[in-house]
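Every number here is computed from the coordinates shown, using simple stated rules; none is lab data. Treat the numbers as computed from the prediction; the structure is a model and nothing was measured. With ideal geometry, Cβ positions are generated from the backbone for all residues, glycine too; neighbour counts draw on all protein chains shown.
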Amino acid sequence: MNALTLTAARTFEWTTLPEAAEPGPGEALVTIRAIGICGTDFSGYLGKMPFIEFPRILGHELGVEVLAVGAGVTNVNAGDRCSVEPYLNCGTCHSCQRGSTNCCETLQVLGVHCDGGMRERMVLPAHKLHACNALGFEQLALVETLAIGCHAVNRAQVAAGDEVLIIGAGPIGLTVLEFARAAGADITVLELNAARREFVMTNYAGVRVVEALADEGAFRVVFDATGHAGSMAGALRFARFTGRIVYVGITKEPVAIDDPLFHRRELTLLASRNAVAADFPRILGMIQSGQIDTRPWISHRCVFEELPGKMEEWLLPDSRVIKAVVGLEQ
């Protein structure tokens, strides 16, 4: 079967893989129907993602259809449409035993630490599949990216009325926005890109959107979703005394902390990594009920065969990408 392999920075090659095996006990054979392209994929494509080594088959935001299940599988059946929880955890380490499966000590994320879904079919642990036949494959492919924001907002313990600043209105920033809004926060978005500011203003009534921000120390919770070391360092100055800062984006570069400011305000600095299993059914329910509408997010589409050429195009600022989704025709 066909797969698309990233063999070096900015270099995709079509490869042929052996046909996926029949699923064993606890496993499911799935066909990939939709793939969301996220910042991790773009960073990996550019050679800037610290956890991706070449060669690698990218693809972790997946909407799939179950073809067959192995012995003992009861949570999904052949024909089910599913979102994939792409975090392959060991289940036995200290983090897993505490329920923090998102940061398992030997975590393998599909498309990052191990090969992902830019292929026709694959075998997955069945418990990593979250079925929802009421949703389309594109919607299912966006559940994982939404889970990133869900987990970050949970980490920050955002409450109704909290003054929240979100730095960066790319796809990850938007997922944080969705769940901060669901928590009842008072939200400001700081975004340099005019197209992204326009998108937030059009689709999120009541959210303050700014290109620059002078009022330091104004926010109870600050999320940085840029993955830019300078922005991440500067995020601290926007947090008020005893506030919280959450790094949702990731960078290879060191992040310099203004320690006198950090101590004087007694700030709390949090990292947020991936998501946990409970986030997935919650998000599926929110999409089904209409509380989250993913349709405005998908600004660009292509079929699988077009993807190598589209990546360079989508990296251009003029492309105005909010979210790109790849469809696999079977």
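Neighbour counting of Cβ atoms within 10 Å sorts the residues S83, S299, S43, fewest neighbours leading, into S299, S43, S83. Axis angle, to the nearest 10 degrees, between helix 279-289 and the longest C-alpha principal axis of the chain: 90 degrees.
Please report the spacing between the Cα centers of region 1-29 and region 86-146 in Å, no decimals. Result: 16 Å between the Cα centres. Taking a ≥ b ≥ c as the square roots of the eigenvalues of the Cα gyration tensor, an a/c ratio of 1.5 or more together with a/b no larger than b/c marks region 1-145 as oblate. Here the calculated FRET efficiency for R240 and N154, from their Cβ-Cβ distance with R0 = 30 Å, stands at 0.90, rounded to the nearest 0.05.
Sites counted here are trypsin sites (Lys or Arg not before Pro) in a DSSP loop (not H, G, I, E or B) having no more than 13 other Cβ atoms within 10 Å; the longest part of the chain that contains none of them is 99-251. Label-to-label distance for A277 and Q97 is 1.8 nm, based on points extended 7 Å past Cα in the beta-carbon direction. The angle between the Cα long axis of helix 194-203 and the longest principal axis of the Cα atoms of the chain comes to about 80 degrees, rounded to the nearest 10. Assuming charge only on the beta carbon of Lys and Arg (+1) and of Asp and Glu (-1), the dipole of region 149-271 about its Cα centre is about 180 debye to the nearest 20. Scaled against 2.2 N^0.38 Å for its residue count N, the alpha carbon radius of gyration of region 183-251 is 1.10. In the chain, the DSSP-assigned H stretches of four residues or longer account for a calculated mean residue ellipticity at 222 nm of -7000 deg cm²/dmol, using -39500 (n - 2.57) per stretch and the full residue count as denominator. So I have (i) 33, 21, 20; (ii) 69, 25, 16; (iii) 51, 25, 14, and one of them is semi-axes √(5λ) of the Cα gyration tensor in Å calculated from this model. Which one is it? Calculated semi-axes √(5λ) of the Cα gyration tensor in Å: the matching label is (i). Summary value for the chain: 17 percent relative contact order, contacts being C-alpha pairs under 8 angstrom separated by 6+ residues. For A229 and E306, what is the calculated FRET efficiency with R₀ set at 45 Å and r taken between the beta-carbons, to the nearest 0.05? For A229 and E306, the calculated efficiency is 0.85. Remark: region 11-143 carries a charge dipole of roughly 240 debye about the Cα centre, counting +1 on each Lys and Arg Cβ and -1 on each Asp and Glu Cβ. With a ≥ b ≥ c taken as the square roots of the eigenvalues of the C-alpha gyration tensor of region 243-330, please select rounded if a/c is under 1.5 and otherwise prolate if a/b is larger than b/c or oblate if it is not? Oblate is the answer for region 243-330, as a/c is 1.5 or above yet b/c matches or exceeds a/b. The distance separating the Cα centre of region 203-256 from that of region 31-75 comes to 29 Å.
Here the chain is assigned +1 on the Cβ of each Lys and Arg and -1 on the Cβ of each Asp and Glu. Its dipole about the Cα centre then comes out at about 620 debye.
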